[in-house]
Amino acid sequence: MRTEFIQSLADIPAAQWDAVWDTDYPFVKHAFLLALEQSGCTTATTGWQPHHCLAWDGATLVGALPLYIKEHSYGEYVFDWSWANAYHQTGTPYYPKLVNAIPFTPATGPRWAASDSGVLAKMWDAALADVSRLEISSLHCLFPASPPNHLQFLQRLDCQYHWFNQGYAEFNHFLDTFASRKRKNINKERAKIREQGFSVAMVEGRDLTESNWQNFYRLYRRTYRKRSGHDGYLNGDFFQSIGATMRDSIVMAVATQGGEQVAAALYFKDARTLYGRYWGAQEEFDGLHFECCFYQGIEYAIQKGLQRFDPGAQGEHKILRGFTPVLTQSFHFLQDERFAAAIARFLHQETQQVLHYCEDARQVLPFKDGQPLTPRDFLIRLNENGL
């Protein structure tokens, strides 16, 4: 068996890459990762240089480890700016670093494909060797569904808010699990949408038109620019590419008012999970974000029999809308033993804080007393539950 590193997914046929992944998780698909590269979103210029590790048994691909050489920490959603600052204060470079991650995608899922544990170990060995060869400070694995089980990785925990399907027949069945006052609040929010004259529809990827995509990107860019002063991590070429190549993995909540598309939320999906990813709106309409990004997603998941809805990172406002706090994880290898020891001490303290926060947050969920909750460690043992 041999390993190699490639600088672009264009160097390997899509069928060969996709065949080695035993999952329909959309974000490891060749089409998704290649669209990021070819649109210019993940390049050396943007600080996301592809450096993917492949494992071969003769001419057969038996392993894949998506890797990126990073010159910053943007677009990761595992915040290590304080670590970088500590390195800087001692005159030690933190960047470049190597990350095993899906760019701009804090959605827990598979982060490697391997025919067996030996193949996976060989790829991690190759990645570690390149950390030394390229004088890279560290190696990071972000939002994996299972631990790397190799090297001396430090585990870091965080908390997200996910919706879980308890066999609901319809949206009102889900709302029946809420305490009365909390249920009334949701109904009031949804009523505002009708009162303002909005119509919202979930449109499957195969039915999205060129106009839908053009309007979506215009709204996405407008919203990003208003909030952050730049156009967002992704560009129109990326959205046009996935719109053409990933139709069966996409659904869009399209909001219209007076016949005009004024907002949209873009989702991805697989056989078990709905992933809320990108949002854009003409302006800040009252309640429309909640309708498009949360309630439409829940209704769609119920209708399609999906088991989980991951609406994206952060946002405590999700808790009162029935999204359960659960733990996420990342893993970190620091070459410098001094920093590794210091960060290990920091993570020991931070972990206790995260565990306490997650448990406290679960106490304010809107459900009636006695309603069963998904375990808080569901995501960090996701492979046991099935992807």
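The values are calculated or read from the model by the stated rules, or taken from the named source; none is laboratory data. Just so it is clear, the structure is predicted and the values come from calculations on it, not from any experiment. FYI the Cβ positions are ideal-geometry reconstructions off the backbone, even for glycines, and counts take in every protein chain you see.
What to note about this one:
- Qualifying strands (runs of 3 or more DSSP E) (wholly inside region 225-302; at least 3 residues being over 20 Å from the mean Cα position of the chain (by Cα)): 250-257, 260-269
- Being farther than 23 Å from Asp125 by Cβ, in the same structural domain as Asp130 (by TED's automatic domain parsing) and loosely packed, with under 15 Cβ neighbours inside 10 Å holds for only one residue in Ala19, Ala35, Ala31, and it is Ala19.
- Boolean, Ser115 is of a type in the set (S, T, N, Q), under 25 Å from the mean Cα position of the chain (by Cα) and closer than 18 Å to Leu154 by Cβ: no
- Candidates are the residues of region 169-220 that are out of contact with any helix residue (DSSP H, G or I) (no Cβ under 7 Å at 6 or more places or on another chain) and among the acidic types (Asp, Glu); the one that is nearest to Met252 (Cα to Cα) is Glu204.
Per-residue answers, yes or no, for (1) crowded, with 20+ Cβ neighbours inside 10 Å; (2) within 27 Å of Gln303 (Cα to Cα); (3) not hydrophobic (A, V, I, L, M, F, W, C):
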{"residue": "Phe216", "(1), (2), (3)": "yes, yes, no"}
{"residue": "Arg227", "(1), (2), (3)": "no, no, yes"}
{"residue": "Tyr233", "(1), (2), (3)": "no, no, yes"}
{"residue": "Asp237", "(1), (2), (3)": "no, no, yes"}
{"residue": "Thr245", "(1), (2), (3)": "no, yes, yes"}
{"residue": "Ser249", "(1), (2), (3)": "yes, yes, yes"}
{"residue": "Ala255", "(1), (2), (3)": "yes, yes, no"}
{"residue": "Gly259", "(1), (2), (3)": "no, yes, yes"}
{"residue": "Ala264", "(1), (2), (3)": "yes, yes, no"}
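- Taken as a whole, the structure places Gln363 among residues that are assigned by TED's automatic domain parsing to the domain that holds Asp80 and surrounded by fewer than 17 Cβ atoms within 10 Å (Cβ to Cβ).
- Residue check for His317: free of Cβ contacts under 8 Å to residues at least 40 places away in the same chain, closer than 30 Å to Glu204 by Cα and crowded, with 17+ Cβ neighbours inside 10 Å: no
- Candidate set from region 67-86 (those that are aromatic (Phe, Trp, Tyr) and crowded, with 19+ Cβ neighbours inside 10 Å); member that is nearest to Ala342 (Cα to Cα): Trp83
- Selected residue (only one of Gln371, Gln314 is at pLDDT below 95, over 20 Å from Arg156 (Cβ atoms), outside any helix (DSSP H, G or I) and not charged (D, E, K, R)): Gln371
- Picking from residues in region 330-368 that are among the hydrophobic types (A, V, I, L, M, F, W, C) and assigned to a strand (DSSP E or B), the one that is farthest from Asp130 (Cα to Cα) is Phe367.
- Taken together, Arg381, Arg345, Arg338, Arg277 contain a single residue that is outside the structural domain of Ala255 (by TED's automatic domain parsing) and surrounded by 14 or more Cβ atoms within 10 Å (Cβ to Cβ), which is Arg381.
- Test set (1) over 23 Å from Gly312 (Cβ atoms); (2) under 21 Å from the mean Cα position of the chain (by Cα) - Trp83 fails condition number: (2)
Matching residues to (1) touching a residue at least 40 places away in the same chain (Cβ under 8 Å); (2) surrounded by fewer than 18 Cβ atoms within 10 Å (Cβ to Cβ); (3) not hydroxyl-bearing (Ser, Thr, Tyr):
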residue	(1), (2), (3)
Met123	yes, no, yes
Gln152	yes, yes, yes
Leu157	yes, no, yes
Phe174	yes, no, yes
Arg194	no, yes, yes
Gly197	yes, yes, yes
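- For first residues located in region 199-211 and in contact (Cβ under 8 Å) with a residue 40 or more places away in the chain, partners that are hydroxyl-bearing (Ser, Thr, Tyr) and not in a strand (DSSP E or B) and lie 6+ apart or on another chain with Cβ distances below 6 Å form the pairs Met202/Tyr300.
- The listed residue being within 19 Å of Leu142 (Cα to Cα) and of a type in the set (Phe, Trp, Tyr), out of Phe5, Phe79: Phe79
- Qualifying residue in region 207-214 (condition: over 26 Å from Pro106 (Cα atoms) and not in a helix (DSSP H, G or I)): yes
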